[in-house]
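Accompanying notes for the structure given below.
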Amino acid sequence: MYRKGLTVLLFAMLLATSCSDETTIFNDDLQQDLWVENSEDALSSSISFASSGVLDIYEDSGLGSKAASAGREEQAGDYPLNLVAQVRPPDDPSRGPLTSSHVFVENDYALVSYNTVGEEYFGAVDIINIKDPAKPRLVSRLLFPNADINALISENGYVYAAGGLDAEVSVTATSNSFVAKIPAPNGKIDVSAGITYGFQQGFNANDLRISGDKLLVTSGKEGSLTIYNKSDLSIVNEFPYFDLRSIALSEDRVALLDAGSGLKILDASFQLIKEIPISTDLGLASKKTIDFQGDRIIVAEAGKGAGVYSESTGNLIEYLPIAINPDGITADERVTNAVVSNENVVLMANGGAGLCLNEEKDGALRPYGVVQLEGSINYVQSKGDYIIAASGREGLQIIKLNRPSESLESRCSDLPMYSGSSKLFVPEGQQLEYKGAKRFNNINVSGSLLLCGTWTVLNNVSINEGGLFEYRGHLFTGQNSARKEVRVGQNATLRVEGSLTIYGDLILEDGASLEFLGDASRANIFGQVIRGANVQISGSFEDVRNKF
């Protein structure tokens, strides 16, 4: 939000002379060298599965569960999550990796913006295809060696990116805050079709939303809310504000977070209809996001956590505190930068304190726990079954929020919901059947077990001699950084109708049977498939990593 100085574009000059034939350099009228990465090898190498796997959640502010502290058996947890993959940020050889600043999810794509901390300008845009949750693909990368990209959004084959640059060295730029309309048909950035720019007052454009045929963009200190025509980025109207940090839309209302005073609620004509005072110090040059959840507006309030306000009354309902990561962090690293709501879940990006999950129960929001992720979580977005967390220089973390399928719920409607130990054991001679979505520590089957829904297992799954484990839905087990196994013992059976994801090995002992039902089952094995004698594998399934 404050002006940055400009450095000599030595890096861009080097790129122009040293990039591969598959890298395109595009010179626009802002005298910037835009680097478009088209090399499939370079793009694919930015996706990492090294830390993929089942994610635990540190409950009760990360201090250990009440059951464990009281010596009782740990219960199976809600919210079975798994880390699908990470996306490494673009890397400048002279300045290091860029910092992820914003995420937007639209249909099959996740878009990421990057900027540079400090006085220099350097940003980028990534487009990631997440249609197949087992195999995300980085399909486009565009670098701006002379501009920060602080936020983005996409619609109908275009990416709209907001950021900052040094207007003093640009022939065309009229101010430091800008927005760019970038053609990206089918997720592929195409600068040859031309990039359209718009400019507004303020030192850094920091957030944007689309409303009908309008594009709404905020800029920070001495900035504005500027209304652009979405088609050509001509300015329709501009409203000055002291220090805007973010924007959110809900039906015909616009909410703005102004660091100078608090929330501003505007009508469809952008006229002020309500102010909600917030005295929290949001810090200098730092983005803090807001989100609607029904009548509530949730505000990222730095060291205070997330403030929850009633839109209708303007009253503060509660603060959602910053839960402490079990590894421990310093006080200045505990800062809420972003909040997002997804159905009954509210997620908080708490910097060094990680990603906090809050749940709505009985009309109130309550902290549930901290998701087991590495890195400082600076931004979070969630839509549908995905959570996308931007972890600064650690890059992007793609998380699957595994909710049970409604169709599975109806097919297994007569089964009870599982509620019990995180260490599920089925003794010989017993038959257990459940539905739901839970996090387990391990599963051990000597009898017969049927599960309907979505389940994660942090450690091993063992089906002992003669045992039967069948499930309809999704099962995830292990982590790539701490691989585990699914072991099907002698003359035991594993029956799958749905997806099986193992961050580790599938071991089929002598006489074991692996059966796939239906025509849409899939096996995603990161380790090896190890087979004994007389192993039977039947049914139709997709072998995602060609391990069979």
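The values are calculated or read from the model by the stated rules, or taken from the named source; none is laboratory data. Source: prediction; values computed, not measured. Positions of Cβ are generated from backbone atoms using ideal geometry, with glycine treated the same way; all protein chains shown enter the neighbour counts.
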Residue among Phe548, Phe476, Phe526 that is of a type in the set (Phe, Trp, Tyr) and free of Cβ contacts under 8 Å to residues at least 40 places away in the same chain = Phe548
Matching residues, region 320-374, being over 12 Å from Tyr58 (Cα atoms), in a strand (DSSP E or B) and among the hydroxyl-bearing types (Ser, Thr, Tyr) | Thr336, Ser341
Count, please, the residues in region 176-188 that happen to be within 22 Å of Asn229 (Cβ to Cβ) and surrounded by 18 or more Cβ atoms within 10 Å (Cβ to Cβ).
-> 8
Residue check, Ser250 over 29 Å from the mean Cα position of the chain (by Cα) and more than 17 Å from Gln201 (Cβ to Cβ) | no
Taking the options Ser18, Ser51, Ser101, Ser94, name whichever one is farther than 18 Å from Lys188 by Cβ, of a type in the set (Gly, Ala, Ser), buried (at least 17 other Cβ atoms within 10 Å of the Cβ) and at pLDDT below 90.
-> Ser101
Just a yes or no: is a residue in region 137-148 closer than 18 Å to Val380 by Cα and within 19 Å of the chain's Cα centre (by Cα)?
-> no
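Yes/no per residue for (1) over 24 Å from Arg245 (Cα atoms); (2) surrounded by 23 or more Cβ atoms within 10 Å (Cβ to Cβ); (3) within 14 Å of the chain's Cα centre (by Cα):
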position: Ile317; (1), (2), (3): no, no, no
position: Thr330; (1), (2), (3): yes, no, no
position: Thr336; (1), (2), (3): no, yes, no
position: Val345; (1), (2), (3): no, no, yes
position: Ala349; (1), (2), (3): no, yes, yes
position: Pro367; (1), (2), (3): yes, no, no
position: Ser376; (1), (2), (3): no, no, yes
